[in-house]
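> One structure follows; several queries about it will come next.
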Amino acid sequence: MISVKKVNNKPLNLLERIYLWEIARGLLVTMRHFFVNLINPKGMPTVQYPEQKITLSGAARLRTRHRLKVRADGSPKCVACFMCQTACPAYCIRIEAAEYPDNSVEKYPASFDIDLARCVMCGMCVEACPEDAIAMDTLEIPGGVETRTALMMNKESLLRNLPGEPSVKGAANRLANEYLKARGEK
Amino acid sequence: MPKLTIDGNTVEVAKGATLLEAAQQLGVYIPRYCYHPKLTVSGSCRMCMVEVEKSPKLVTACSTEAADGMIVRTTTDKVKAARKDVLEFLLINHPLDCPICDQAGECSLQDYYMAYSLAKSRFPQGDKARRAKRRAVGPHLVLDNERCILCTRCVRFCAEVTKTSELDVMERADHSYIDLKEGKALDNDYSLNIADLCPVGAFTSRDFRFKTRAWFLKKTSTICLGCATGCLIEAHHHENAVHRIVPRPNAETNTWLCDHGRMTYKAVRAGDRLAKGVIKNGVIDLEPALREVASRIDEAHSAAAVLGSPWLSVEDNAALSRLAGDALKTENFCFDFTAEQGIRDGILINKDPAPNTAGAMLLKAARGGLTLEEFSRRIGAGQIKVVVTEARAAAFIKDVVKASGARLIVFATNKAQIPAGAYATLPYASYFETPGTFINHQGLRRRAEPAVEAQEGVKPLWEMVNKLAVYSGTSLRLHCAEDALKGINF
C-alpha cells in the first residue's frame, strides 16, 4: 500500500496570477545581491574552488582525502590485508602485497593505489581497516584537478602523518610495535 | 550394521563407523579440526564433542564408534557450551594475525568462531604465549608455530601418507609445538598438501604467500596435466591469473595432489610464454609465421608429416590428424605412443609424464597411421622432410631429426619447450586457457576447463591447425574443437 500525502496548495490570488509582479519581485532579490556584492565584494560567500580553498577546521566532521599512516621508522602502518579493497564499494583501491625479509610484521603494501576519480568518499575503507592505517582526515577535498592522473594516489603520495601525531601509539599492530621496540625506536 | 539416532533422525551405518561419519551420512555437520577422512583419528582438538544418552560425559564424535541404539544429540546446550569453551581455549594463545595471515577467509578458527562462539577474549593480549613466527620449513611451506592449534594433521599426513615422518610434536603438554625432526626438511613430493590440511594458518604455501586474498579467488574445476594420473583439481584464479591449484578429492584418483602438479600453472603466466611465432630464433608475427610454415609444408609436399602428442588433448590430436589426412593428404602421420603406466611412488605420481598417452592411442585406433619406429625410420631414410608436431613430443624423434636434417615445426606454449634445432614454432593456448579432453592411465575421460583467458592472438591448437591448413590451400572447416572429432568413435 503506497501512502499518499495530500498537499493543499494555496490557490493563487489575482496579483500572483498576473505573473509580472512576481517576476519583478524575484528580480529584486537578484538585483539586491548584485549591488550588495558590487559594493562589498569581500562579503561574497562564493569560493573560487579549486584556485581558492577555504581552511576547514581540524574538528571538521567530514571525510576528506585519504592518507596512510606511518610508523616511527617511516614504514606504512598498512599490512596489506586487503580489507579496505574488499570493503570498497567503488573498487577504487588496489593493493599489491609484499613480504618484509626481517620485520616481524611480515607483510607490507608494495603498492597502494587509490583512484580518487572513482572514490565515493564513503569511508568504508577507514571502517574496515584493522590496523588503523588509513584515515580520511587530511582536510583536502579532492576533485579540482586538470588531469585524471592527478587523481591517482599511490603509496608515496598517500603516506603521511598529521603534524604532532604519535606514530606508534594506538597502533593495533602488536608485531610492529615489538619490532620497533626491539630496534630501540619508540 | 548398527542403527542409531542422531538429533532425532535414525541412520544405519557400517560396522566400525564413527559418530562423526554417521552424522555426515545424515547431513549433520559436526565441527572438527583434527579429524580428516583420510588420516587416522587423533581426537586431540575436542571440537567434535557430542552428547550421547546414558554417557556421563560428552564424547568426541570422531573417535567414538557408532553402536546399536545410541541416541546422539549435537545441538544441546551442553554441546554448544563445550564447543564454545574448546574454542576459547584454542584461541587463548592464538595471535591476532588475521590481517597478515594467508589462511584468513578459509580458516576454520575464523569460521567456527563466527558459527559457535562469538565470545570476547578473557585473556589479555600481552599475556599470550609467544612462539616462533614464520620460518621456511622446506621448498614449499612456511611454518608459524604461534598460529598452530596442535591438531597434528600435518604430523599424521607425513607419517601415514608420504611415510616420510618429517614432522613431530616436540615437548609436552602446554609446551608442545610442531617442528621438524632433527636433520629433516619438509621436502617430500606432497608437502603442499599440508598447507591445505592445516585448518589454521600455521602451515601456509610459500608459493601462494601474499599473492592475493582467499576470498577474491574464483574456482574452476579442471584436471591436472602433470602426468598420466590425471588428478581432478581446482584452479583458483583472480583477475585472469591462476594463483594456486588445489585437489578436488574423488574416489577414483586423488585425495591429494603432488607439488609438481600444483606448480604446473606457473607456465601459463611465465615470462617465456609465446604469443607470436618463432622462425629459427627470431620472433615474428603470427600471420607471417603461419605463411612461412605453410610454404615450407607445401614445398615438402608429400614428404611432410604430422606427429601427434601425448601432451595434447584428444581434440587437438584429432585436429592434427585432420591436418595430415585432409590438408596434407599424406600417410605420414603417427599417433603411436607407448609409455609405462602406473603409479610410481604408490601415492599419485605416474611413471608416464605425459597426460594423454591413452588419448593419443585412441586416435591411432580411429585414424591409423604409422608406428613410431616406422615414422622415425622414414625420417631417417629422408622420406619425411618436414615434421609438424608438439614441442614435447618432438623429443621422441629428436635424434633422427638431427641426423637426417628434417625440418621440425612445433607447436609450443612456452619458449623453454622449444626443442633445439626447431625450424619454426607456433604458439597455442595452454589447457588453463582452453578446454580439452584427456584420458588418464585408468582410461577415465576427463575434461580440462579454461580458468583464464589466453593472451590476445593466442589461439587453441585446433584453431592454429585450421589456419595452417587454410594457408596451405585446404579448409578443414574446424569451427570448434569438437569438429575435429568427426568420424571418431569417442
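The values are calculated or read from the model by the stated rules, or taken from the named source; none is laboratory data. It should be emphasised that the depicted structure is a prediction, and the values quoted were computed from it without experimental measurement. Note: ideal-geometry Cβ built from the backbone for every residue, glycine included; neighbour counts use all protein chains shown.
> For residues that are under 16 Å from A:Lys155 (Cβ atoms) and part of a loop (DSSP other than H, G, I, E, B), scanning just segment A:104-118, find the one that is nearest to the other protein chains (Cβ to nearest Cβ). Write out each step before concluding.
Here is the first cut: in segment A:104-118, the residues under 16 Å from A:Lys155 (Cβ atoms) are A:105, A:107-116.
Filter again for part of a loop (DSSP other than H, G, I, E, B), leaving A:105, A:116.
Details: A:Val105: 7, A:Leu116: 21 Å.
Residue satisfying both the conditions and the ranking: A:Val105.
> Quick check on A:Asp137: is it out of contact with any Ser or Thr (no Cβ under 6 Å at 6 or more places or on another chain), assigned to a loop (DSSP other than H, G, I, E, B) and closer than 16 Å to A:Arg63 by Cα? Quick ask: steps written out before the conclusion?
Details: out of contact with any Ser or Thr (no Cβ under 6 Å at 6 or more places or on another chain): yes; assigned to a loop (DSSP other than H, G, I, E, B): yes; closer than 16 Å to A:Arg63 by Cα: yes.
In short, yes.
> Go over the candidates B:Glu331, B:Glu340, B:Glu315 one by one and state the one that is under 24 Å from the mean Cα position of the chain (by Cα), charged (D, E, K, R) and part of a loop (DSSP other than H, G, I, E, B). First the steps, then the outcome.
Values: B:Glu331 fails: under 24 Å from the mean Cα position of the chain (by Cα); B:Glu315 fails: part of a loop (DSSP other than H, G, I, E, B).
Just a single option satisfies the conditions, and that option is B:Glu340.
> Only one residue in B:Gly138, B:Gly183 is buried (at least 19 other Cβ atoms within 10 Å of the Cβ), more than 14 Å from chain A (Cβ to nearest Cβ) and small (Gly, Ala, Ser). Which one?
Working: B:Gly183 fails: buried (at least 19 other Cβ atoms within 10 Å of the Cβ).
On inspection, the qualifying residue turns out to be B:Gly138.
> I'd like to check something: does segment B:214-224 contain any residue that is touching a helix residue (DSSP H, G or I) at 6+ places or on another chain (Cβ under 9 Å), away from chain A (no Cβ under 14 Å), buried (at least 16 other Cβ atoms within 10 Å of the Cβ) and among the hydrophobic types (A, V, I, L, M, F, W, C)? Break it down stepwise before answering.
Looking only at segment B:214-224, we keep the residues that are touching a helix residue (DSSP H, G or I) at 6+ places or on another chain (Cβ under 9 Å), and these are B:215-216, B:224.
The next check asks that each one be away from chain A (no Cβ under 14 Å); those that pass are B:224.
Those still in the list that are buried (at least 16 other Cβ atoms within 10 Å of the Cβ) too: B:224.
Subsequent filtering for residues that are among the hydrophobic types (A, V, I, L, M, F, W, C) retains B:224.
Within segment B:214-224 (the criterion being touching a helix residue (DSSP H, G or I) at 6+ places or on another chain (Cβ under 9 Å), away from chain A (no Cβ under 14 Å), buried (at least 16 other Cβ atoms within 10 Å of the Cβ) and among the hydrophobic types (A, V, I, L, M, F, W, C)), the answer is yes, since at least one residue qualifies.
> Look at segment A:123-151 and say how many of its residues are surrounded by fewer than 15 Cβ atoms within 10 Å (Cβ to Cβ) and of a type in the set (A, V, I, L, M, F, W, C).
The qualifying residues number 2.
> Further question on the same structure: Can you name the residue in segment B:72-112 that is out of contact with any Gly (no Cβ under 8 Å at 6 or more places or on another chain), surrounded by 16 or more Cβ atoms within 10 Å (Cβ to Cβ) and small (Gly, Ala, Ser) and is also nearest to the other protein chains (Cβ to nearest Cβ) among such residues?
Among them, the one singled out is B:Gly105.
> Follow-up question, since we're still on this one. Restricting to segment A:162-186, what's the tally of residues that are away from chain B (no Cβ under 14 Å) and either over 28 Å from the mean Cα position of the chain (by Cα) or modelled with pLDDT of 70 or more (or both)?
9
> Test B:Lys398 against the stated conditions and say whether it is surrounded by fewer than 22 Cβ atoms within 10 Å (Cβ to Cβ), in contact with a Pro (Cβ under 9 Å, 6 or more places away or on another chain) and not in a loop (DSSP other than H, G, I, E, B).
Working: surrounded by fewer than 22 Cβ atoms within 10 Å (Cβ to Cβ): yes; in contact with a Pro (Cβ under 9 Å, 6 or more places away or on another chain): yes; not in a loop (DSSP other than H, G, I, E, B): yes.
Judged against the criteria, B:Lys398 is a match.
> Among the residues of segment B:395-410, write down those that are without any contact (Cβ under 8 Å) to a residue 60 or more places away in the chain and in contact with a Phe, Trp or Tyr (Cβ under 8 Å, 6 or more places away or on another chain).
Filtering segment B:395-410 for residues without any contact (Cβ under 8 Å) to a residue 60 or more places away in the chain gives B:395, B:398-406, B:408, B:410.
The one that is without any contact (Cβ under 8 Å) to a residue 60 or more places away in the chain and in contact with a Phe, Trp or Tyr (Cβ under 8 Å, 6 or more places away or on another chain): B:Leu408.
> Restricting attention to segment A:48-103, report how many residues are small (Gly, Ala, Ser), away from chain B (no Cβ under 14 Å) and outside any loop (DSSP other than H, G, I, E, B). Before you say what the answer is, go through the steps one by one.
Kept after step one, since they are small (Gly, Ala, Ser), are these residues of segment A:48-103: A:57-60, A:72, A:74-75, A:80, A:87, A:90, A:97-98.
Filter once more, keeping what is away from chain B (no Cβ under 14 Å): A:57-60, A:72, A:74, A:90.
From what's left, outside any loop (DSSP other than H, G, I, E, B): none.
Total satisfying the criteria: 0.
> Just for segment B:472-490: of the residues that are surrounded by fewer than 18 Cβ atoms within 10 Å (Cβ to Cβ) and in a helix (DSSP H, G or I), which one is farthest from the chain's Cα centre (by Cα)? Spell out the reasoning first.
First pass over segment B:472-490, keeping only residues surrounded by fewer than 18 Cβ atoms within 10 Å (Cβ to Cβ): B:473-475, B:477, B:479-480, B:482-483, B:486-490.
Adding the requirement that they be in a helix (DSSP H, G or I) leaves B:482-483.
Working: B:Glu482: 25, B:Asp483: 28 Å.
Only one residue fits best here, namely B:Asp483.
> Restricting attention to segment B:406-457, which residues are part of a strand (DSSP E or B), small (Gly, Ala, Ser) and under 26 Å from the mean Cα position of the chain (by Cα)? Break it down stepwise before answering.
In the first step, residues of segment B:406-457 are kept if they are part of a strand (DSSP E or B); the result is B:407-412, B:414, B:424-427, B:436-439, B:445-448.
Those left that are additionally small (Gly, Ala, Ser): B:412, B:424, B:436, B:448.
Answer for segment B:406-457, where residues must be part of a strand (DSSP E or B), small (Gly, Ala, Ser) and under 26 Å from the mean Cα position of the chain (by Cα): B:Ala412, B:Gly436, B:Ala448.
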